[in-house]
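Below is one structure, written out as structure tokens; the observations come after it.
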Amino acid sequence: MAAITRTPTDRPKGDVTMWDSLRSGLRQSGLPWLFILPSAIAMLLITFVPQAYQIWISFRDFKAENLGGAPAMWIGLRNFQEILTGQLNVPQYNFLPLLGFNIVWTFVNVFFHVALGLAIAMALNGKFVLFRRAYRAIFVIPWALPAYITGLIWNNMWQENSGGINLLAGNLNRALGTSLPTRTAWLTTLDRPVDLRNIIPPLVLIACAVLAVLVGRYLLKNGLRDKQTGKLSVDKTVFGLGGFILLILGFLGTGYDIVTGNVAQSTASLFFERAGAPVMAFYAVLISNIWLGWPFMMVVATGALTSIPPDLYEAADVDGASKWTQFWKITIPMIRPAMVPAIMLGTIWTFNQFNVIFFITAGGPRSQTDLLITQAYKLIAQEQLYGAASAFAIVVFFILLVITLIQNRITRATEAAY
């Protein structure tokens, strides 16, 4: 009786290896791969290769003399260590106050962008508004202008001598008899109109305690497991339990600093060293960026508001619901799918708002209005520390990633809405 030999290709049906499946998939999708191949090559050369090179030099002592091809010494994580601990040999550099200022700058701006954009969109969405289209076209102009042109215009307006703001104050004084200051050095003075640094540690202590209680109650009530699958929930474990632990550590650390009288050197005080007592230039760039950013939110909110069926408001009126109730129960839920992605995008834009800061204050006075992105630019343009700047950019990327994940978790922006 002849023996039956089986070749490697004579497998029973269903006995398909991973490589067989991969080859079959490539054969079936060969034409689509050919269509996307040019763009994939372009992305590889323009995006991924430079990013890989940036990661490579972030672990080296890469400076200007290495641009000509001289090898840079491998230093491992020293760039990252110097960035996070403030040991970079750069004037007025300290990472923690810089990060705190950047985060406060971002959320204050985004709050006013959303509040003003939504309020004006709702006002223009009323039934009896004359010249509605003209208003919308005019209000979009700040957003349509290039940001660097806006920055240069506002820089001229905030100048101490012959600046538009000071000239306006002088005209108001002559017309109304007021005594507004007309020679304010908005961009150069180190005066701090509001100083909250002394009360920030107690506020941080109270905030950590309240948030820890709320998160702890939520975890005790809902547990760490997904109710449908019974497995550990990544969201509850990472954001819930991880956030609870960080809040407890923040409470204990801040409380210890307050009890031992080490408030000035506490992490909370260092974090809000600039943001807790901003200089006059902060208010100048804040007003400028609010003017620049709210039209985008108005456009998004306008599109979302026009898609809400009027029947919902008519039914709410019949039921006796107040305008405030209609706003929270109808308007906000209906515009949420459009506004949440816009807010996340606006957060990233504002966090990396280079043009407004650079062209109005250049980070001054004495780096008090620097953001992470402008500091990264200075590491290259002024200090020529290319390795440190690459490591700095990677740190900024992970900070933005964390902020985006937290936003996404709180707002549930990527969940399907039914």
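The values are calculated or read from the model by the stated rules, or taken from the named source; none is laboratory data. All values derive from a computational prediction rather than experimental measurement. Here the Cβ is made from the backbone with ideal geometry for all residues, glycine too, and neighbour counts use every protein chain on show.
Return the pair list, or none, for Cβ contacts closer than 6 Å from residues in region 293-310 that are not assigned by TED's automatic domain parsing to the domain that holds Pro333 to residues that are in a helix (DSSP H, G or I), at least 6 apart or on different chains.
Short answer, once both residue conditions are applied: none.
Under 8 Å between Cβ atoms, which residue pairs at least 6 apart in sequence (or on different chains) link something in region 202-225 that is farther than 14 Å from Gly250 by Cβ with a partner that is among the β-branched types (Val, Ile, Thr) and surrounded by 13 or more Cβ atoms within 10 Å (Cβ to Cβ)?
Taking only residues 6 or more apart or on different chains, the pairs are Leu224/Thr237.
Tally the residues that are of a type in the set (A, V, I, L, M), in a helix (DSSP H, G or I) and either touching a Phe, Trp or Tyr at 6+ places or on another chain (Cβ under 7 Å) or free of Cβ contacts under 8 Å to residues at least 40 places away in the same chain (or both), restricting the search to region 248-273.
3
Tell me, please, whether a residue that is under 30 Å from Glu273 (Cα atoms) and either assigned to a loop (DSSP other than H, G, I, E, B) or free of Cβ contacts under 8 Å to residues at least 24 places away in the same chain (or both) can be found in region 38-54.
no
Step by step: first the residues of region 66-84, then only those that are part of a loop (DSSP other than H, G, I, E, B) and touching a Lys or Arg at 6+ places or on another chain (Cβ under 7 Å), then the one that is modelled with the lowest pLDDT. Which residue is that?
For region 66-84, the residue satisfying everything is Ala72.
Within region 110-157, track down each residue that is out of contact with any Pro (no Cβ under 6 Å at 6 or more places or on another chain) and outside any helix (DSSP H, G or I).
Matches in region 110-157: Asn125, Gly126, Lys127, Phe128, Val129, Leu130, Phe131, Leu145, Pro146.
If Ile248 satisfies every condition in (1) out of contact with any Cys (no Cβ under 8 Å at 6 or more places or on another chain); (2) more than 21 Å from Leu84 (Cβ to Cβ) but one, which is the exception?
Failed condition: (1).
Which condition from (1) within 22 Å of Thr188 (Cβ to Cβ); (2) of a type outside the set (Lys, Arg); (3) without any contact (Cβ under 8 Å) to a residue 40 or more places away in the chain; (4) exposed (fewer than 14 other Cβ atoms within 10 Å of the Cβ) is the one that Leu130 breaks?
(1)
Just to check your reading of the model, which residue among Leu224, Leu214 is touching a Leu at 6+ places or on another chain (Cβ under 7 Å), farther than 17 Å from Val402 by Cβ and surrounded by fewer than 16 Cβ atoms within 10 Å (Cβ to Cβ)?
Testing whether each residue is touching a Leu at 6+ places or on another chain (Cβ under 7 Å), farther than 17 Å from Val402 by Cβ and surrounded by fewer than 16 Cβ atoms within 10 Å (Cβ to Cβ) leaves just Leu224.
Hey, can you tell me all the residues within region 170-200 that are small (Gly, Ala, Ser) and under 21 Å from Glu160 (Cβ atoms)?
Gly170, Ser179, Ala185
Is it the case that some residue within region 208-231 is of a type in the set (A, V, I, L, M), more than 28 Å from the chain's Cα centre (by Cα) and assigned to a loop (DSSP other than H, G, I, E, B)?
yes
Ile245 passes all but one of (1) in a helix (DSSP H, G or I); (2) surrounded by 13 or more Cβ atoms within 10 Å (Cβ to Cβ); which number fails?
Result: Ile245 fails condition (2) only.
Just to check your reading of the model, which residue among Leu305, Leu345 is surrounded by fewer than 16 Cβ atoms within 10 Å (Cβ to Cβ), assigned to a helix (DSSP H, G or I) and hydrophobic (A, V, I, L, M, F, W, C)?
Unique residue meeting the criteria: Leu345.
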